[in-house]
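The values are calculated or read from the model by the stated rules, or taken from the named source; none is laboratory data. What you are looking at is a predicted structure, and each value in this text was computed from that prediction instead of being measured. Glycine gets a Cβ as well: all are built from the backbone with ideal geometry, and neighbour counts include every protein chain shown.
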């Protein structure tokens, strides 16, 4: 199976298409399907590109099939309730099992049907899919949940991990590890033997995130996605092994490099931090910025994220339960110990007594970062926080993060999409469930109602469910980021249905 990404396959043609702005969005070309083998197209390009009458746009149109938008021609009936609209939209966002790939296509074929987010996102996305599954559960689309889990298992079996999405240009990074949560969701519907069915893939997922942990020591405390602290705690970060511009955002990242040349920023280090932020799913946020404001100061790989380590704690507990059901007492005990050690580390490293909140941790300064974000609610979602810590988090969430349209992602307005004034569906569910876990039902339901009301207002005004929303000015659409606001939208639909059913 071909796994070479488009920037390497098409070389000078790729660079010319992206830098000469043949398409407004760099992701368009990397999702195009070539009509001929890449080598043949390249040979034609080399032979024609210097002719006086040559048109690069026409050449691309003659030799590539442009990507589709699965819901582009869908016309919403704004008179129906939001839930009914979402139910009608699921088939539009569902792709059939993929055929064998065309040579040169960036799509990694999947053997079962799956739901895509919508808009420019025409492939399965890892962490989006968990929140989409919440809605599929409420829609009784259990076969589709099973199919999506089978696809993720296939990706783990084939590539050793779950990529950001099923594209060749995503094969150097993953996304927040929600696979264990997906397995637990299906186990809640079909029984605990589901853990047994996916036990090998759960273990392989864990081994991917912990790769390199056997080669770290106090003299070399960071390797790949694992970091050893002076305290002895072993925790994880986001990382990507390719220090190069992302093909799907090539032009923007080349332009950013040109802007930062005078600042003495090493382009490869900049690209590594950008890619790590993309693995986090929070691309981009002041959470990762050295100055708290500008993308040029991004340093994601220097930060231990609280949410990532909570997710890995959950993966360790899923492995504990799976091995116990399998009858492997030694493995179950080993993962019980790993989960307990990580819980101790989370409460020790990420809790800030001064701020009364869970914060990310800076590997360079060996101190908590200053960014207050909704990632601090993950210890409540996974029931890791003490009652006293939960009380502190609740106070900040209620007093500072709760806005007229729901929970705002951060308290900083940087112009990036994972910052104020934007709210995102997955974090609404994390906060809601986290508060409910500790008995803060009034605040949880207030945030829930405001988010659902905002979704309803925007839907009835536009006929669309959005990727993200402006939760501060409820009449405005959200903004910021590398691309226009997307509609569709898988995880918004899923969280809406789940919250509406609460």
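A few remarks follow.
- Taking the listed residues 126, 159, the one that is closer than 25 Å to residue 315 by Cβ and surrounded by fewer than 20 Cβ atoms within 10 Å (Cβ to Cβ) is 159, with no other qualifying.
- When residues of region 97-107 are limited to those that are modelled with pLDDT of 95 or more and closer than 27 Å to residue 465 by Cα, the one farthest from the chain's Cα centre (by Cα): 97
- Conditions (1) in the same structural domain as residue 457 (by TED's automatic domain parsing); (2) surrounded by fewer than 21 Cβ atoms within 10 Å (Cβ to Cβ); (3) under 20 Å from the mean Cα position of the chain (by Cα); number of the one not met by residue 114: (2)
- Residue match in region 232-248 (condition: at pLDDT 95 or above, in a helix (DSSP H, G or I) and crowded, with 20+ Cβ neighbours inside 10 Å): yes
- Residue within region 209-219 that is at pLDDT 95 or above and touching a helix residue (DSSP H, G or I) at 6+ places or on another chain (Cβ under 7 Å) present: yes
- Single match in 47, 61 (criterion: loosely packed, with under 15 Cβ neighbours inside 10 Å, under 32 Å from the mean Cα position of the chain (by Cα) and assigned to a helix (DSSP H, G or I)): 61
- Residue in region 152-170 that is touching a residue at least 24 places away in the same chain (Cβ under 8 Å), closer than 24 Å to residue 32 by Cβ, assigned to a helix (DSSP H, G or I) and in contact with a strand residue (DSSP E or B) (Cβ under 7 Å, 6 or more places away or on another chain) present: no
- Test result for residue 358, in contact with a helix residue (DSSP H, G or I) (Cβ under 6 Å, 6 or more places away or on another chain) and closer than 28 Å to residue 451 by Cβ: yes
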